[in-house]
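Q: Here it is, the structure, as C-alpha cells.
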Amino acid sequence: MRYLRLLLLVFLPVGSVSAMDAPGRAILPVADPQGERELSLSLWYPASGGSAQGVGGNAVFRGPIAVPGAVADAGPFPLVLLSHGGVRSSPDSGAWLGAALARSGHIAVEVNAPRPGSARAGADEIWRRPDDLARALEAVLGDPKWAQRIDRNRISAVGFALGGTAALAVAGGRIDPDAVLRSCRDMTGPDCAWYAAGDVALETLARAPLARDRRIPEVSAAVAIAPEYPDAFSGEGAATEVPALVIALGPATETKDAFAEVVERSGTASLARLPDAGPFDAFPLCTPKGAKILSQEGGDPALCATSAQARGTVHATLVDRIRSFLARTEK
C-alpha cells in the first residue's frame, strides 16, 4: 500500500491532489558577502492546508505538487540536506525527492547554486557542492522560523550524481585529488567532453581545495545515488564517519563495479542496487516535449529517454529505500 501511494502521488494531476497530500514549499535565499556564490534554498516541509499546485517544474521536467508558503507543522522534524544532479543541473532538479521526503515527515532543503558559466568554473563544483551544504545548514539553523522545527540530532545529507559525491564528503569521506585530476585522461569521467571543449585540463587544477576535509559534524547519515567520481574515495580516506547508503542505478558490470568498491573501501556504507533503472532516472519526470526541447537546445535527449511511468516506478523505489535507511539511522 505504501508503494502504491508513492506511485499515485507521482502521477496524480494537480487538480486532484488535496492539500493534505501536499507538503509546503518555501524559498530561503543565502547571500554571499563577497557576491560570488549566492544560494537559493528550496525547503520542502510537512504542512497542512493551503492550495496545492505544481511547483519547481520547467519546459523539460515536471515539478511535484506542493503548497507554496504553507504554514509549517510544528515539528521538530529530521532535516535532509539535498544536493541533486551534475555540474549543469537545473535549479530544483531534486524537487520530486524533496517533496517526497517532506511527505514522510522530513524537512528537506534542496541547495540551488548558480550554474557555472564556463567549463573552468564547472571544474570547481566537486569541492564547492559540499561547502554549499554547510552554508545551507548554517542558514536554516540560523533562521528562527526554521530552527525551532528542526531536530538537530537527526540531520542527514542526500544527493545524486555530483550531489551524491558531496553527500559522501560531508559524511566524512575524503576525496583523493589525484583520482579526480586523472579522471578525464581516458574521457570516461563525468563532463570530460565539456571540459575538453572549454579547453580545461583537470590535471592543471589545484589539489588543495579537493583534498580539504569537508565533513559536517552535524550530519549523522548520508545517501549517495550514483555518485560521480567514485574512484576518488579510495584508501584510508574512503571511510565515512557515519552510516551511508550508496544506491547504484542499473545492473552490475562484469568488470569493475565502482560503487561496490566505494562501499567495500568505506566500511561504514552499504550498497543498494536498482538493476532496472537507467543512469538518468534520478532526474525528474519529463514533460511530453522534454526530449525534443533538449535536442533543439543542444542538450542530451537521453535525459528523457525513460517513460514517465517507468521513471515514476524508479522514483517510488528510491524514495522507499531512502526513507527506510533514514528511519533506521534516525532512531
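Coordinate-derived values only; no laboratory data. Quick caveat: nothing in here was measured; it's all calculated off a predicted structure. Positions of Cβ are backbone-derived with ideal geometry, glycine not excepted, and every protein chain shown enters the neighbour counts.
Q: What dipole magnitude, in Debye to the nearest 20, does the chain give about its Cα centre under +1 on Lys/Arg Cβ and -1 on Asp/Glu Cβ?
A: Charge dipole of the chain: 840 debye, to the nearest 20.
Q: For the chain, go through all pairs of different Cα atoms, get the mean of 1/r, take its inverse, and jot down that Kirkwood value in Å.
A: Kirkwood hydrodynamic radius for the chain: 19.9 Å.
Q: For the stretch 114-128, list residues with backbone N below 19 Å from a point placed 7 Å from the Cα of Glu203 toward its Cβ?
A: 120, 123-124
Q: Give me Rg over Rh for the stretch 164-283, both radii from the alpha carbons and Rh done the Kirkwood way, two decimal places.
A: Ratio value, two decimals: 0.97.
Q: I would also like to ask the following. Please give the length that would be gained between Glu38 and Gln148 if that part of the chain were fully extended, namely 0.36 nm times their separation in residues minus their C-alpha to C-alpha distance (nm, one decimal).
A: Stretched out fully, the Glu38 to Gln148 stretch lengthens by 37.2 nm.
Q: How long are the three semi-axes of the equivalent ellipsoid of the stretch 95-245, in whole Å, if each is the root of 5 times an eigenvalue of the C-alpha gyration tensor, listed from largest down?
A: Taking √(5λ) for each eigenvalue gives 29, 17, 14 Å, largest first.
Q: Would you work out which of Leu326, Pro130, Ala224 lies farthest towards the positive end of the dipole of the chain? Charges go on Cβ: Lys and Arg +1, Asp and Glu -1.
A: My answer, from the dipole projection, is Leu326.
Q: Taking every Cα atom in the stretch 15-110, find the radius of gyration and the maximum pairwise distance Dmax, and write them in Å.
A: Radius of gyration, then largest Cα-Cα span, for the stretch 15-110: 13.5, 45 Å.
Q: How tilted is helix 2-11 with respect to the longest principal axis of the chain? Cα atoms for both, answer in degrees (0 to 90, nearest 10).
A: Once rounded, the angle reads 90 degrees.
Q: Another question, then. For a protection proxy built on the mean count of beta-carbon atoms within 10 angstrom, sort 297-306, 118-127 highest first, please.
A: Highest mean packing first, the order is 118-127, 297-306.
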